[in-house]
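Readers should treat all values here as calculations from the given coordinates under stated rules, not as data from a laboratory. All values derive from a computational prediction rather than experimental measurement. As a convention, Cβ positions derive from the backbone with ideal geometry for all residues, glycine included, and neighbour counts pool all protein chains shown.
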Amino acid sequence: VAGFGMWEDHNIEWLEQSARKNILFVTYEDLKEDTERELRKMVEFLGLSVDEEIIAETLKQGGFEHMQKSNNLNYSWVTEGSKTGFVRKGQVGGWAEYLSEEQSAYFDGPIKRVIEAGGNVRCNL
């Protein structure tokens with residue numbers, strides 16, 4: 001359901017590339033679970049040597065509170081007057097508060113296709 005094709009097709013096409021050594025898969029859920037672990041995984045994947053101060057600053061600047069308050073990152077010019085901003089609550093599964101049962105059910109099929117293709121989709125269907 002996008003201008004560039006279906007969400008599930010996009011995800012499945014990337015999953016087909018999972019054996020390639022030059023692609024690192026990172027999920028929002030993993031980032032929320034342990035942001036520092038995932039950041040260090042990215043640094044290692046890219047073969048970088050990064051000072052601990054840079055790691056700490058990156059974690060601070062990439063933190064939810066900072067992103068929500070930053071006009072450069074929260075798309076406030078797009079969501080002005082909206083009940084919800086672009087950066088909402090920063091919670092895994094927060095979509096459930098915004099979609100009706102009918103809308104949520106609409107995505108069950110596409111999500112199942114991605115899971116069946118080997119996708120790491122963590123949600124309650």
inquiry  = Test of understanding: what is the full-extension gain from LYS32 to PHE107, defined as 0.36 nm times their sequence separation minus their Cα-Cα distance?
reply    = 24.8 nm
Distance (nanometres) between label positions extended 7 Å along Cα→Cβ at ALA19 and LEU46 = 2.8 nm
